[in-house]
Amino acid sequence: MLKLKFIIFLIIAIQINVFSQWEEKSISTNSTLTSVKFVNEEIGFVAGGNDIFKTENGGDNWEIVHTDLDLVIYEDLLIIEDEKIIAVGYNFDSNQSVITKSSDNGTTWANVNVSNSSSLNSVFFTSSNVGYCAGNGGTILKTVDSGDNWQEQNTGTGTTLNSIYFVSDLVGIAVGGSPVSSIILKTQDGGNNWNQVNNPSSNNLQSVYFSNEETGYVVGWNGEIIKTENCGDSWVTQNSVAMNGNLEVLFTDDNTGYIVGGGSNESLIQKTTNAGELWEDVSPEIQEGLVGIHFPTFNTGYAVGSNGTVVKTESGGIMTSTNDLNLSSKFKVFPNPSNGIINIQTEDNQIIERLKLFNPNGQIIKELKPNSLSLEIDLSNLESNIYYLQIDSDKGKSIKKFVKK
């Protein structure tokens, strides 16, 4: 009992109690999922192996919308517009690049003829018509007709390119390397010419993302991070993060960013809220490496990885104490503390649509969809500790903290 009182005191004294909040979503594949993109919070696509999956309910259910009959590995996927989706990778049967395209929101797909024998690792479009792919052997391809035809660009290198990003119609950055070297290329004329840019890294660079037209980040092997504040003309080393695996970086605004990675026995996600000065661990408690990440809104995001792993957050990857949340719904949770039975009642006739119970480590240990004005739950089997309830109603969300005695 003394230990429990100390826990309660500690949480009250420290006003922010941050822990990871990622919910695992089921998808019927054992392939490594390499890329995830969402149109909005509900409609999204993931690619992995030779399959492309689609959800229309926020990841709760997935269906295969395309399967390539050859031995294909899709490496990246992009939603060009609401109706246009493109996936790129490599065909091991034909030893050719693969570009697969849908123009009807994933209903039908067709392979695009590409005269290239390199694996395509990344795709980026600057408009509905103009796009680029980057891949092995220093390959960069460009389209000006929404991906129907592609032309190879002269990069002047044979080094593998892992990621490509454009900050405007003309200015783009591609990054890559080998196990013991790095490369950054920059174009200022829409890909007609690419020039190598000096950078401080000696590691293979895996992902590039710009939070605005001047500020960009690149992550590479051994968790290395380098940053530019002059549109990629020069780069400086930031503090590394303790991460391995195939890393990917993404920013949701100028200050807030994420890096995903991990190996065969851990998922790793790091988050910054101060433009990369500090990174905090917000990893989910699952034992699968992550490869791709996407946030359709500021707080709602998805990450994917090995063995068909899909995880989702609706709080930017973290949960804070109720003192720090802007609650939009009002509920009573009683008794609190409780020996096991707790009651949840609305204060303004809201319908409880979904309830999630989190342990102190941010793991979901119970989920209900009562669709009622009140609810009684028997939690007598829980150990004595602090727990959190996320209550979703027809008018908003609320986070409630309660103590199990």
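Looking only at region 168-185, residues that are more than 25 Å from the chain's Cα centre (by Cα) and either under 20 Å from residue 225 (Cβ atoms) or assigned to a strand (DSSP E or B) (or both) come to 2 in all. Within region 34-50, residues that are touching a residue at least 12 places away in the same chain (Cβ under 8 Å) and of a type in the set (Lys, Arg) reach partners that are surrounded by fewer than 24 Cβ atoms within 10 Å (Cβ to Cβ) and in a loop (DSSP other than H, G, I, E, B) with beta carbons closer than 9 Å, at six or more positions or on different chains, in the pairs 37/296.
Among the residues making up region 105-144, those that are of a type in the set (Ser, Thr, Tyr), touching a Phe, Trp or Tyr at 6+ places or on another chain (Cβ under 9 Å), within 21 Å of residue 70 (Cα to Cα) and modelled with pLDDT of 95 or more are 118, 119, 122. Just the residues that are part of a strand (DSSP E or B) and either farther than 12 Å from residue 400 by Cβ or over 35 Å from the mean Cα position of the chain (by Cα) (or both), please, taken from region 331-341. 334, 338, 341 - these are the residues of region 331-341 that are part of a strand (DSSP E or B) and either farther than 12 Å from residue 400 by Cβ or over 35 Å from the mean Cα position of the chain (by Cα) (or both). Of note, residue 236 does not satisfy the criterion of being open to solvent by less than 80 Å² (accessible area, probe 1.4 Å), among the hydrophobic types (A, V, I, L, M, F, W, C) and touching a residue at least 12 places away in the same chain (Cβ under 8 Å). Considered as a group, the residues in region 27-60 that are more than 14 Å from the chain's Cα centre (by Cα) and not in a loop (DSSP other than H, G, I, E, B) include one that is nearest to residue 287 (Cα to Cα), and that residue is 48. Taking region 61-151 and the strands (runs of 3 or more DSSP E) fully enclosed by it, the elements with 3 or more residues that are in contact with a strand residue (DSSP E or B) (Cβ under 6 Å, 6 or more places away or on another chain), of a type in the set (Gly, Ala, Ser) and open to solvent by less than 40 Å² (accessible area, probe 1.4 Å) are at 131-135. Counting only strands (runs of 3 or more DSSP E) that fall entirely inside region 359-405 and contain at least 2 residues that are within 21 Å of residue 283 (Cα to Cα), the qualifying elements are 364-368, 385-393.
Does region 308-326 include one or more residues that are at pLDDT below 90, part of a loop (DSSP other than H, G, I, E, B) and either of a type in the set (Phe, Trp, Tyr) or over 30 Å from residue 239 (Cα atoms) (or both)? Scanning region 308-326, I find at least one residue that is at pLDDT below 90, part of a loop (DSSP other than H, G, I, E, B) and either of a type in the set (Phe, Trp, Tyr) or over 30 Å from residue 239 (Cα atoms) (or both), so the answer is yes. Here is the figure for region 241-285: residues that are open to solvent by 70 Å² or more (accessible area, probe 1.4 Å) and within 14 Å of the chain's Cα centre (by Cα) total 1. Screening region 160-182 for residues that are open to solvent by less than 10 Å² (accessible area, probe 1.4 Å) and among the β-branched types (Val, Ile, Thr) and picking the one that is nearest to residue 292 (Cα to Cα) gives 164.
Can you confirm whether region 73-82 contains a residue that is among the charged types (D, E, K, R), out of contact with any Asp or Glu (no Cβ under 6 Å at 6 or more places or on another chain) and modelled with pLDDT under 95? Yes, region 73-82 has at least one match. In the condition set (1) aromatic (Phe, Trp, Tyr); (2) closer than 19 Å to residue 60 by Cα; (3) modelled with pLDDT under 80, residue 302 is compliant with all but (3). Inside region 219-233, residues that are under 19 Å from residue 181 (Cβ atoms) and surrounded by fewer than 18 Cβ atoms within 10 Å (Cβ to Cβ) make up a count of 1.
In region 372-405, which residue that is hydroxyl-bearing (Ser, Thr, Tyr) and open to solvent by less than 20 Å² (accessible area, probe 1.4 Å) is modelled with the lowest pLDDT? Looking at the filtered set, the residue picked out is 398. Take the conditions farther than 21 Å from residue 120 by Cβ and in contact (Cβ under 8 Å) with a residue 12 or more places away in the chain and apply them to residue 200. Does it pass? Yes: the conditions hold for residue 200. Reported count of residues in region 106-134, each being without any contact (Cβ under 8 Å) to a residue 60 or more places away in the chain, farther than 20 Å from residue 189 by Cα and not aliphatic (A, V, I, L, M), is 11. Does residue 58 qualify as being open to solvent by less than 30 Å² (accessible area, probe 1.4 Å), closer than 27 Å to residue 22 by Cα and at pLDDT 95 or above? Yes; evaluated as a whole, the condition is true for this residue.
The values are calculated or read from the model by the stated rules, or taken from the named source; none is laboratory data. Given the structure is predicted, the values throughout are model-derived calculations rather than measurements. In this analysis, Cβ positions are derived from the backbone assuming ideal geometry, glycine residues included, and neighbour counts consider all displayed protein chains. Note: areas computed on protein heavy atoms with side chains; ligands, DNA, RNA excluded. Shrake-Rupley method; radii C 1.70, N 1.55, O 1.52, S 1.80 Å.
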